[in-house]
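Reading through the structure tokens given below for one structure.
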Amino acid sequence: MATPYTFDSHAQGPPELSDILGREKRGSIAMDGILRSEALVRAISGDSADFAAGLTLLLPTNQAFQQLDDIPEDIEKVMERHFIPQKVTVEQMKEGVTVDAYEGTVLRFTESNGRVYVQADQRSPVEVMGAGTGAGSGTYFLVDQLFV
């Protein structure tokens, strides 16, 4: 990897996801995995051609990681399954949109009893919490499970 990518703490204008996620205490373990990948750091900073169509991040909570015996050694690869290289709205999720995660996992959204769920490949559905938090570079939603 070349020079480490750094955030501009004095930037003007609307915040990027990198600014907001740095303050999201419920996702601090996931942020550690994101920061290990230059591609993911560029994505949350709004500086990635791979995410030119937008970014939707399904951010695993710290609780999601605590359900595992150990933090995955390839945490940055696990996090790539939670990045969607396009904008996905809550309305699209409720309508049952199917998208590909950044690393290729197929993600299927459904709605049941007013709640939105996402299913990664053949894994059990995971609830998508809240309406999402947006920024210049995309939107993130919290999830309480990892796509491992």
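The values are calculated or read from the model by the stated rules, or taken from the named source; none is laboratory data. These numbers were taken from a predicted model, which means no experiment stands behind them. Neighbour counts run over all protein chains shown; Cβ positions are idealised from the backbone, glycine included. Remember, those area values only see protein heavy atoms, side chains included, never the ligands or the DNA or RNA. Shrake-Rupley method; radii C 1.70, N 1.55, O 1.52, S 1.80 Å.
So, of the residues in the stretch 64-84 that are under 16 Å from Val126 (Cβ atoms), under 15 Å from the mean Cα position of the chain (by Cα) and not aliphatic (A, V, I, L, M), which turns out to be surrounded by the most Cβ atoms within 10 Å (Cβ to Cβ)? Steps first, answer last, please.
Residues of the stretch 64-84 that are under 16 Å from Val126 (Cβ atoms), as a first pass: 64-68, 78-79, 81-84.
Add one more test, that the residue is under 15 Å from the mean Cα position of the chain (by Cα), and what stays is 64-65, 78-79, 81-84.
Now restrict to residues that are not aliphatic (A, V, I, L, M): 65, 81-83.
Working: Phe65: 22, Arg81: 21, His82: 28, Phe83: 25.
So the residue we want is His82.
If a residue must be part of a strand (DSSP E or B) and not aromatic (Phe, Trp, Tyr), how many such residues does the stretch 79-103 contain? Working first, answer last.
Taking the stretch 79-103 as the starting set, the residues that turn out to be part of a strand (DSSP E or B) are 83-84, 98-100.
Of the ones still in play, those that are also not aromatic (Phe, Trp, Tyr) are 84, 98-100.
Residues flagged as part of a strand (DSSP E or B) and not aromatic (Phe, Trp, Tyr) within the stretch 79-103 amount to 4.
Name the residues in the stretch 124-138 that are touching a Gly at 6+ places or on another chain (Cβ under 7 Å) and open to solvent by 30 Å² or more (accessible area, probe 1.4 Å), would you? Reasoning before the result, please.
Step one: of the stretch 124-138, the residues touching a Gly at 6+ places or on another chain (Cβ under 7 Å) are 136-138.
Residue satisfying the conditions is Gly136 alone.
Looking only at the stretch 104-148, which residues are outside any strand (DSSP E or B) and in contact with a strand residue (DSSP E or B) (Cβ under 8 Å, 6 or more places away or on another chain)?
Our first condition is that a residue be outside any strand (DSSP E or B); within the stretch 104-148, this holds for 104-105, 113-114, 121-125, 136-137, 144-148.
If the condition is that a residue be outside any strand (DSSP E or B) and in contact with a strand residue (DSSP E or B) (Cβ under 8 Å, 6 or more places away or on another chain), then Thr105, Asp121, Pro125, Asp144, Gln145, Leu146, Phe147 are the ones that fit.
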